[in-house]
Each structure stands twice: as C-alpha cells, then as structure tokens.
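The values are calculated or read from the model by the stated rules, or taken from the named source; none is laboratory data. No experiment lies behind these values; they were computed from the predicted model shown. Please note: Cβ atoms are built from the backbone with ideal geometry, for glycine as well, and neighbour counts cover all protein chains shown. Note: accessible area is taken over every heavy atom of the protein model, side chains too, but ligands, DNA and RNA are not part of it. Shrake-Rupley method; radii C 1.70, N 1.55, O 1.52, S 1.80 Å.
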Amino acid sequence: MDNVAIIGVGIHPFGRFGAKSAIEMGAEAVRGALADAGIEWKQVQFAFGGSREVDNPDAVVGLLGLTGIPFMDVYNGCATAATALELTADGIRSGKYDIGVAVGMDKHDPGAFTADPVHYGAPPWYGEIGHFLTTKFFGMKINRYMHDHGISHRTLARVAAKNYRNGVINPNAFRRKPLSEEAILGSRMLNYPLTNYMFCSPDEGAAAVVLCRADLAHRYTSAPVYLRATTLRTRSYGAHEVHASWAAVEQAEAPTVYASRAAYEAAGIGPEDVDVIQLQDTDAGAEIIHMAENGFCADGDQEKLLAEGATEIGGRLPVNTDGGLIANGEPIGASGLRQVHELVLQLRGQAGERQVPGQPRVGYAQLYGAPGTAGVSILTR
Amino acid sequence: MSQIPFAPDVFTWPSERPQLIGGRCGRCGTTTFPMQSSCPRCGDLGMEQVLLPRTGTLWTWTTQEFLPKEPYASGETQETFRPFAIGLVQLGDEVRVEGRLTVSDPAEISFGMELELVVFPFRAEEDGTEVMSYAFRPLS
Ligand SMILES: [Zn+2]
C-alpha cells in the first residue's frame with residue numbers, strides 16, 4: 001500500500017502562545033506544509049482538520065483562502081491526528097482525490113484534562129468521587145507492568161530524561177531544558193510511581209501534512225515519503241483502559257497491539273525493519289509499555305534497553321527523537337501529526353542535530369488515548 | 001445524623017455488610033460495575049442487577065496526590081486535600097472494580113493483598129448530612 005505519498009510537512013511550535021488562536025497556529029502549519037511541498041493552497045482538493053478545543057478547525061480556510069473545497073473536521077481523543085491522517089490518505093487511496101491536507105491544532109488550558117465522564121461512557125458519579133483522571137489510569141497500568149516485568153523507577157526516569165534531552169535540540173519543543181534522572185525521580189509524586197516530570201502537559205500547537213497520489217509525488221519532490229499503513233483500533237472486551245470503573249478478569253491485549261499488527265501486515269514490514277520510532281509517551285511508563293505493545297521488544301527488556309541507551313537518537317531503537325509528548329506537550333489535535341513531521345524529517349535526512357545516523361528508511365508512529373483508542377502509521381522513503 | 005449514598009444503585013446502604021451492585025448479562029454472563037443497560041461483550045439488553053462479592057484482592061493500584069479538578073466533589077480545597085490511593089480490585093473471579101483504598105501510604109499497599117468493601121463519609125452537606133462513598137480496606 002504505497003499509493004499515498006507525503007510531499008510536505010509543516011509545524012507551528014508547541015508550547016504556550018498567549019492570545020494567539022489555534023486557528024492561526026493551524027494556518028501557519030498548513031502554510032509551512034504547502035511551502036515544503038512547493039504548492040499553493042488553491043491546488044489542495046480536500047482536507048481533514050483535527051482538534052479537541054476548536055469546534056470548527058475548517059475555519060482555517062478563512063486564513064488560507066476560501067476555495068470552497070470539502071474540509072472535514074474530526075475529533076477522536078488522543079488519536080485525533082492519526083484519524084485525520086488516515087481519512088486524508090483514504091480519500092486519495094479511494095481514487096476520489098489526488099492531493100489533500102491533514103491538519104491538527106489545539107490550545108488547551110494547563111493541568112490535567114477534565115470533562116463530563118458520561119461523555120466517555122463512564123458512570124455520572126465517576127468524577128465526583130475522584131476516579132476520572134487519565135493520569136490515575138497510567139499510574140495503575142505502569143505500576144502493575146513494573147511489578148510483572150521487573151521495571152525500575154530508574155528506568156521511568158531514564159525515559160523522561162532522554163525525551164527532555166531530545167527536546168533541548170528541537171527548536172519547536174515546549175520543554176527545552178535538560179532534567180537529570182535525579183530531578184525527575186525527586187519531583188512531586190502525582191500518581192505513584194509517576195512523578196510530575198514523568199508526565200507530558202496539555203499545551204498549544206499545530207502540525208500539518210500534504211498528501212498526494214504516490215504516482216504524482218515526483219512532480220512535487222525528489223524525496224517523497226510513502227505512507228505505507230495507517231490503522232486505528234478501539235478496545236476489545238478484556239482490555240483495561242482509561243476511564244473505566246471496572247475491568248474484566250479475562251484479559252485482552254491493548255488496542256495498540258491490534259493496531260500495530262494490522263499496520264505491519266498492511267505495510268509488509270516488521271518491527272525489526274523500523275529505523276525511527278514515535279510512541280505515545282503521555283507519561284514515561286506509557287513509552288515503556290508501548291515499546292513492547294508495538295513489537296519493538298519483549299515485556300521486561302526495556303529495563304536493559306534503557307540502561308544501554310538503545311532508545312537514544314544514536315541507539316538501535318531511537319524513540320521520540322523530537323522529545324515526544326514529554327518535551328513537546330500534547331495539543332491533542334496536532335500531536336500525531338507532530339510525530340509524522342519528525343519522521344518525515346528523519347527519513348529525508350533533514351533532522352539536523354536530531355538526525356538518526358545511517359540514513360533511516362522506515363518510520364513508525366503510534367498514538368493512544370481515551371477511552372481505549374490507538375492509531376499507528378508506518379512511513380518509508 | 002443522616003447518611004446518604006453519593007448515588008443510588010452503586011452499593012447496598014444502609015447495611016452492616018455493604019456490597020457493590022453490578023450488572024450481569026443474561027446471555028453471556030459478563031459482569032459489569034456499575035449496572036449498565038446492555039452488555040459490553042455481546043450487546044444483549046438482558047442485564048440484571050447482581051450483588052458483587054464483598055472481598056477481593058488488589059490487582060493494581062496508584063495514588064492520587066493532587067486535587068482532582070471538577071467534577072470532583074469532595075468539598076476539599078488545595079489546602080485541605082488529603083491524597084488517597086486507588087486500586088483495581090478483583091472480586092472473586094467475576095470482575096475487577098476501581099475503588100479508593102483506606103490506606104494511602106505505598107508502604108502499606110501490596111499487589112494481591114486481601115481487601116473488603118467499606119462505606120465511609122465522603123463529604124458533609126451544609127445541613128450535616130453525610131454523603132457516603134465506597135472504599136476497600138485491608139483485611140489483615
Ligand atoms: Zn453478554
């Protein structure tokens with residue numbers, strides 16, 4: 001399935017930007033992606049926009065040009081950007097369009113997300129008694145995982161320290177200061193075993209990609225990157241997921257495992273072929289669990305891999321080379337397209353100080369969020 | 001002083017030996033907590049209320065060390081908030097349920113520990129009425 005190419009990527013930095021609107025950031029990201037592709041907005045035939053906070057991401061057309069194209073808005077939790085990407089790719093795969101844009105944008109208040117639990121399928125009292133917190137779920141999930149697979153608190157700190165280090169050399173990142181493992185371990189405990197500096201924060205930002213029919217890509221670029229697979233999966237019975245007041249005794253694998261397997265199968269690529277990896281690191285524990293759920297190691301191997309530095313930019317499994325969510329924060333609508341932006345730079349050899357050595361050929365991105373939704377994308381050059 | 005549960009049909013109250021109220025699918029036997037209108041496994045509409053076992057074992061847990069935003073309604077403030085622990089507790093071989101633990105120090109919590117259901121005053125209304133919630137207490 002190499003019938004869709006990525007010919008342009010653009011990003012508005014992630015962080016805090018005062019009164020600047022998410023729509024303005026989205027328009028900047030699209031302009032960046034168009035310039036990268038060497039095309040004009042009027043050549044774009046359709047678009048998908050993703051956001052949690054913005055009701056109508058399609059309002060960016062008011063800043064880009066009112067060309068009348070179909071522009072569809074999506075929200076799918078933390079997998080919003082993967083959804084916008086998949087739908088845009090499908091529009092091209094179906095033969096309906098030749099060239100389209102996927103854009104994600106958001107502007108969140110500081111602090112943990114909140115909402116009405118009923119909208120997540122949880123009981124109405126779930127928030128009232130203090131259970132409606134994504135951070136609590138991540139604490140429970142990694143705590144059991146550490147118990148079962150011998151992962152140490154030090155390894156959690158290694159993941160976070162690595163992502164902050166990568167953020168230092170990413171000019172678009174939110175957190176650009178290195179933090180020592182000691183400072184991470186010593187920061188305030190929020191949800192045992194996860195401390196303050198082991199979590200990402202909601203913030204602001206936007207990212208966009210221009211996709212086109214693979215057979216047309218060489219009109220626009222000498223270095224197309226092909227989108228080999230996009231998959232989305234929700235939870236199956238037996239998975240213990242975010243915002244659940246109960247779980248089955250009989251356990252099923254997490255939605256990421258299913259999305260990952262389907263993506264490898266569609267791409268005809270295995271985890272051993274992947275050169276650069278982007279994983280949902282809502283917290284340091286999530287990155288550890290997702291390494292195994294996406295097939296990059298066996299459960300428990302992360303202890304040794306992190307100690308060896310295998311997930312560093314120069315390691316054999318580079319993970320979150322741009323600092324991931326921990327250094328970039330999570331503007332939900334944009335987060336997954338930020339992952340794709342980084343993978344495209346890496347595959348083109350344009351990642352500068354962050355460049356993975358050895359001319360990487362295969363990139364992999366995974367998103368995960370409430371209420372148990374995962375998205376995986378595989379890119380090759 | 002009067003005591004009321006925070007919501008109806010979550011646990012039996014008043015009761016010397018309170019139990020959580022779940023749902024069971026008449027077709028495939030799947031147990032949920034709380035009761036829901038249809039089965040999450042097979043979609044059947046024939047769910048019936050069932051009282052869940054009072055005791056169980058701790059599957060996993062974490063702590064909640066910052067004051068949750070609204071809709072958290074304990075009446076606590078940043079100044080008065082007391083961190084708590086929360087567990088996923090396996091009741092028999094039927095279901096695992098989330099619930100607060102009566103202990104909050106990680107040193108007092110262990111995987112597999114045996115727990116029993118208790119009901120405790122979660123907050124007080126202005127007229128002194130106590131709003132009751134459920135939690136799990138170590139058995140030993
Ligand atoms: Zn059923």
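For the range B:76-106, heavy-atom accessible area (probe 1.4 Å) falls by no less than 40 Å² from the chain alone to the full protein assembly at B:Ile86, B:Leu88, B:Arg96, B:Glu98.
Remark: accessible area buried at the B-A interface is about 3500 Å², both chains counted, probe radius 1.4 Å. When the accessible area of chain A is computed with all protein chains present and a 1.4 Å probe, what percentage of it is carbon and sulfur? Of all accessible area on chain A, carbon and sulfur atoms account for 49 percent. Peptide A:244-256 has a mean of 5 when you count, residue by residue, the C-beta atoms of other protein chains within 10 Å of its C-beta.
When the alpha carbon gyration tensor of the protein assembly as shown is reduced to an equivalent ellipsoid, the three semi-axes, largest first, read 42, 24, 22 Å. For the segment A:118-131, counting C-beta atoms of other chains within 10 Å of every residue's C-beta and taking the mean gives 6. Legend: residue pairs A:Lys107/A:Lys162; A:Lys141/B:Lys69; A:Lys107/A:Lys136; A:Lys136/A:Lys304; A:Lys136/A:Lys177; A:Lys304/B:Lys69, Cα-Cα distance threshold 28 Å; pairs beyond threshold, A:Lys304/B:Lys69. State whether the range A:183-285 is rounded, prolate or oblate according to the following rule on the C-alpha gyration tensor (a ≥ b ≥ c being the square roots of its eigenvalues): a/c under 1.5 gives rounded; otherwise a/b larger than b/c gives prolate, and the remaining case gives oblate. In terms of gyration-tensor shape, oblate. Per residue of chain A, the DSSP helices (runs of n ≥ 4 H) give a summed -39500 (n - 2.57) that works out to -10000 deg cm²/dmol at 222 nm.
Bridges between two residues of chain A, per DSSP, are antiparallel at a rate of about 75%. Cross-link partners for A:Lys96 among the aspartates and glutamates, with Cα-Cα distance under 16 Å and sequence neighbours closer than 8 places in the same chain left out: A:Glu86, A:Asp215. Only protein atoms count toward the accessible area here, which uses a 1.4 Å probe; on chain B, the carbon and sulfur part of that area reaches 46 percent.
When its C-alpha radius of gyration is set against 2.2 N^0.38 Å (N residues), the range B:35-140 gives a value of 1.23. Accessible surface of A:Lys96, taken over heavy atoms with a 1.4 Å probe and every protein chain present, rounds to 150 Å². Each residue, B:Ser38 and A:Glu250, gets one label point 7 Å from its Cα in the Cβ direction; the gap between the two is 2.0 nm. Surface analysis of the range A:188-252 yields an accessible area of 36 Å² per residue, using protein heavy atoms and a 1.4 Å probe. Extension gain for A:Thr67 to A:Asp116 (0.36 nm times residue separation, less C-alpha to C-alpha distance): 13.9 nm. Legend: residues in the range B:1-22 shielded by at least 30 square angstrom of accessible surface upon adding the remaining protein chains to the isolated chain (1.4 Å probe, heavy atoms) are B:Phe6. Each label was represented as a point 7 Å from its Cα along the Cα-to-Cβ direction; for A:Asn3 and A:Glu265 these points are 1.9 nm apart. Summarising the amide proton neighbourhood of A:Ala229: residues at separation of 5 or more, or on other chains, whose placed amide H is nearer than 5 Å comprise A:Ile378.
Calculated accessible area for the range B:54-138 comes out at 43 Å² per residue, all protein chains present (probe 1.4 Å; ligands, DNA, RNA ignored). Return the whole-Å distance between the Cα centroid of the range B:13-28 and the Cα centroid of the range A:118-151. Comparing the Cα centres of the range B:13-28 and the range A:118-151, I get a distance of 22 Å. Residue separation of B:Trp13 and B:Met1 scaled by 0.36 nm, minus their Cα-Cα distance, works out to 2.8 nm of gained length.
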